[in-house]
Every structure is written in C-alpha cells, then in structure tokens.
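Below you'll find the structure, written out as structure tokens, and then a few comments.
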Amino acid sequence: MKLGLPSAARDAELPKRLAWVTALRLGFLIALLAATSFLYLNGDLNRYPASQRVMFLTLGSGFVLALGYALALRKGRRLDEVAVGQLVADQLTWTAIVYASGGPGSGATSFYALTCVLGAVLVGLRGAAIAALSGIGVYVLLCLAFATQTLRPPSDQLGAAYATTLEAMAYPLATNVLGIGLVASLAGYLAERLTRTGGALALASARAEEAERLAVLGRIAAGLAHEIRNPLGSISGSVEMLRESAELSEEDRQLCAIISRESLRLNDLVTDMMDLARPRAPSPRVVDLARIGREVRALASHSERSASGDVEVRFIGPEGPALAVCDPAQMKQVLWNLVRNAVQVTRAGSQVTIRVEPRDDDVLVEVEDGGPGIAAPDRARIFDAFYTTRATGAGLGLAVVKRIVEDHAELGARIEVRSPEGAGAIFSVSLPHAEGDRSSPDLLQA
C-alpha cells in the first residue's frame, strides 16, 4: 500500500521538507558523534570499548542512511515512503543509542519524541503516529529483552546502572511511553492545524488575487462596453432601415439579417460585461417565478435556433403562482442567461426545459439542456468569468448568474449544476418560498 500524504499542499512541499530534515539529521549526527567522543568517552577511545562499538556502528549507519536519503531525494520518486522509512530507521537508531547509554533509564529516550516531531513536520499526523508507534514498539521490546535477560548490558558498563527487572523499569517505561504519546499527539495536531490554516490562507490569497484581477478586467470591460454600445445601436438601427428598402436583393437581405443577428449577440455580450462590472445590490420582493419562467420561455422562442425549429424551449411549472423572495429583474436575468446558454449548447433536434417547482421551504427553478454535458474538470470553473468551453462566447453569462445568486445568498438562494456524462446539464437555482397569492400588493410584475 502506498503511503500517501494527507494533503496535496504537503505533497508538493515534501521534497523541500525532506531536504531540510536530511541536512538537520546530518548535523545532529555530527554533533552526537562529537558529544560521544569528547563527553561520553572523554577523548579516551579505550574507556568503553564495547559501548563505543555500538555507538560508532550506529552513528556510521546513520551517516550511510543519510546518504541513501539524499540519493532517493535526488531521484524524486516514492518520497512519501522514504519519509516514513526515515522515521522508523531513526527510532531504531535511538534504540541502539539507548542500549549503549544506560538502557531503559537512559536520557537518550528523549530522541524518540524528537522523531515524532520530525514525523509531524514531514507527514503530518500520520507521520507523528508512525514515529510514536515505532518508537514505543522498539523501546518496549528493549525493556522486555532486558527483563527476560535476552539482552544484557554492554560488558564495559556497570550492571547496577541498568534497570533490568520489570519493577525497576516500570517507572521509566510508563513515563517514556506517555511522553512519546503526548509529544506525538501534540505535534500531529499542530501540524494538521498549520496545514489547514496554510491551505485556507493560500486559498484566500488566490481568491483575493483573482478578485483583484477581475476588478481590473471589470473596469476595462465597463469602459469598453460603454464605448461599444453607442455605435452598436447606430449599426443596428441603420441595418433595420436598410432592410426596409425595396431595392435590396434577397442576398442583400440575408446579409442584413446576419448583421442584425450578430449585433444582437454583441449587445448581449456588452450587457453581460456591464452587469459583471457594475453589480447592483438586489431589491428583494415577493415574485411569481412561474410567470418569469413563462416570459423567458416566450422570449427564448424568438431566438434564431428556436424560431427555426432547431431547438424547442418548453416550460414545466404550476398553473398558479410560485412565489419566492428575490429581485425580480435580476432573477429574470439569471433565468434568461441560463436559457440562452442552454439553447447555444443544445444539439439540433433536442429541447431546453425550464422547470419551476414550489416546494415546502423554497421554490426550485431548473434549466435542462440537450447538450453534450459538462466534463468534471470544467464543472468547477464554468462560473468563472471569461472561462468557456465553447468555441464562441466570452464566458460571462454564467459568471453573471453566479454573482447574482451569491448576492441573494443571505436570503437562502443557492445554485448547483448536475451533468450526467453525455446527457446534458441541469442548472438548479433554489429561492426562499414566500407565502401569499397573486393579488398580494408586494408581488411585482416581472
């Protein structure tokens, strides 16, 4: 089983963490070697011949393992397993040093807790747990080996300095196991909290940068939209007057129709740009969403694809009102943008369905298209401004939809999209239900 890391962020940072920990390990081994030579042995290599063999063999193995870690880090493969292997190897190393420096009561047992901290830094809570379990396991085995006389103190050490009975080992065994467990728990908890906090901070920073970028684009778009709208109106008016001329040939009329159609499309784009760049706070009222659905359906039926019979737009909803609390003009725009988008992606001969369904606590508005569906990677970005999966379009319509629904979030509005593979997409908007009837004085004509 592959030992994965708890988050993608930690996964990306693992090589850097491993490099730092490997360098620190080398420094620590060098310091430990110096302390062994000048403090433990007092410069006398003949003072503890049996113990020093254990110590130097252990430290030498540590240097060799550090070299192996550096080579594995350079290859950059299976680094998560390398990290876990380091933790277990370190606990074995400390066990050998504990054996040579006093047994169960040695002060070197604190190194077990140090490895738990390193495990939390490298692999998070899982790393701390692996380090704690392996450290406690080898330490308990060492104690049992002394208690059963399977293992004896080094021949050059005073036997009286070693705890070799269960009674003598009970206190250091309990305190060390408890200490390792507490350090591992605390280190793992802090590592996970730091990971979550760091991820949230990175996400907030990314959102702030995206918001700033969109704000700049919005200001540019607003200026462009204002400059485009005036000449666009002149072009549309001139083309309509030209189409009324009796001297035009059929081919000329078709060209005028193309200009008129593209002018309308450009006008929709300008409108989306203005709406996205200059959002207006909603003015919520009690609104009949069924009436809005019927009006949008009638408006969509005059679109080029619907009027030609290429795509059918139908409405399914209650005969009576479906009252909800929202801004009527903005919600009509939400539904129009969703329907317009659905008509554009729907296959020829298919249909777009507008559904309005009053429920106990809310009113559900759905737009279902007959297109190819939305791929999973695109589903998370379809509401982003300037993101589109079509060859044409600026990717603004759905961004406006998301922004309006988010402005209604305090009222309880939500939007979601479902897209079974190859079976079209369904955009669902839920709005808070309102009690009343069509004669209510607060009910606005949409």
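The values are calculated or read from the model by the stated rules, or taken from the named source; none is laboratory data. Values in this document were obtained by computation on a predicted structure and should not be read as measured data. Because the Cβ atoms are built from the backbone with ideal geometry, glycine has one as well, and the counts that use them run over all protein chains shown.
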Quiz prompt | Those residues of region 334-374 which are touching a helix residue (DSSP H, G or I) at 6+ places or on another chain (Cβ under 7 Å) and not aliphatic (A, V, I, L, M), in sequence order | solution = Trp336, Asn337, Arg340, Asn341, Asp369, Gly371
Exercise. Could you grab the pairs with beta carbons closer than 6 Å, sequence gap of 6+ or different chains, first residue in region 352-368 and farther than 15 Å from His433 by Cα, second one in a loop (DSSP other than H, G, I, E, B)?
Key: Val352/Thr346; Val352/Asp369
Quiz item: Here are Leu122, Leu71: which of them is assigned to a helix (DSSP H, G or I) and within 27 Å of the chain's Cα centre (by Cα)?
Solution: Leu122
Quiz prompt | Pair list, Cβ < 7 Å and 6+ apart or interchain, from region 171-197 residues that are within 14 Å of Gly135 (Cα to Cα) to residues that are aromatic (Phe, Trp, Tyr) and buried (at least 22 other Cβ atoms within 10 Å of the Cβ) | solution = Asn176/Tyr139; Ile180/Tyr112
Quiz item: Which pairs do you get when a residue that is under 18 Å from Val121 (Cβ atoms) and crowded, with 21+ Cβ neighbours inside 10 Å, found in region 83-103, comes within reach of a residue that is acidic (Asp, Glu) and modelled with pLDDT of 80 or more, reach meaning Cβ atoms under 8 angstrom, with the pair 6+ apart or on two chains?
Solution: none
Exercise. Have a look at Tyr171, Tyr162 and point out the one that is modelled with pLDDT of 80 or more, assigned by TED's automatic domain parsing to the domain that holds Val98 and crowded, with 17+ Cβ neighbours inside 10 Å.
Key: Tyr162
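Rundown of residues vs (1) small (Gly, Ala, Ser); (2) more than 33 Å from the chain's Cα centre (by Cα); (3) closer than 17 Å to Leu264 by Cβ, yes/no style:
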| position | (1), (2), (3) |
| --- | --- |
| Ser303 | yes, yes, yes |
| Gly309 | yes, yes, no |
| Arg314 | no, yes, no |
| Gly320 | yes, yes, no |
| Leu323 | no, yes, no |
| Pro328 | no, yes, no |
| Val352 | no, no, no |
Self-check item: Check on Arg126, surrounded by fewer than 18 Cβ atoms within 10 Å (Cβ to Cβ) and charged (D, E, K, R)
Solution: no
Quiz item: Could you say whether any residue in region 319-340 is in contact with a Gly (Cβ under 8 Å, 6 or more places away or on another chain), at pLDDT below 90, buried (at least 18 other Cβ atoms within 10 Å of the Cβ) and in a helix (DSSP H, G or I)?
Solution: yes
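Residues checked against (1) out of contact with any Asp or Glu (no Cβ under 6 Å at 6 or more places or on another chain); (2) surrounded by 16 or more Cβ atoms within 10 Å (Cβ to Cβ); (3) modelled with pLDDT under 80:
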| site | (1), (2), (3) |
| --- | --- |
| Arg359 | yes, no, no |
| Gly370 | yes, yes, no |
| Arg381 | yes, no, yes |
| Asp384 | yes, no, yes |
| Arg390 | yes, no, yes |
| Gly393 | yes, yes, yes |
| Val400 | no, yes, no |
| Val405 | yes, yes, no |
| Ala409 | yes, no, no |
Quiz item: Is there a residue being out of contact with any strand residue (DSSP E or B) (no Cβ under 8 Å at 6 or more places or on another chain), under 25 Å from Leu125 (Cα atoms), modelled with pLDDT of 90 or more and hydroxyl-bearing (Ser, Thr, Tyr) anywhere in region 186-196?
Solution: no
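So that you can scan it fast, the table gives a plain yes or no per residue for (1) modelled with pLDDT of 60 or more; (2) within 39 Å of the chain's Cα centre (by Cα); (3) farther than 30 Å from Gln157 by Cβ; (4) crowded, with 16+ Cβ neighbours inside 10 Å:
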position	(1), (2), (3), (4)
Lys2	no, yes, yes, no
Ser7	no, yes, yes, no
Arg10	no, yes, yes, yes
Leu14	yes, yes, yes, yes
Arg17	yes, yes, yes, yes
Trp20	yes, yes, yes, no
Ala31	yes, no, no, no
Ala35	yes, no, no, no
Leu39	no, no, no, no
Quiz item: Can you name the residue in region 341-357 that is surrounded by fewer than 21 Cβ atoms within 10 Å (Cβ to Cβ) and part of a loop (DSSP other than H, G, I, E, B) and is also modelled with the lowest pLDDT among such residues?
Solution: Gly349
Practice problem: Hey, can you tell me all the residues within region 275-318 that are over 15 Å from Gln351 (Cβ atoms), at pLDDT below 85 and in a helix (DSSP H, G or I)? | Solution: Asp275, Leu276, Ala277, Leu299, Glu304
Quiz item: In region 300-334, what residues are free of Cβ contacts under 8 Å to residues at least 60 places away in the same chain and closer than 18 Å to Val401 by Cα?
Solution: Ala300
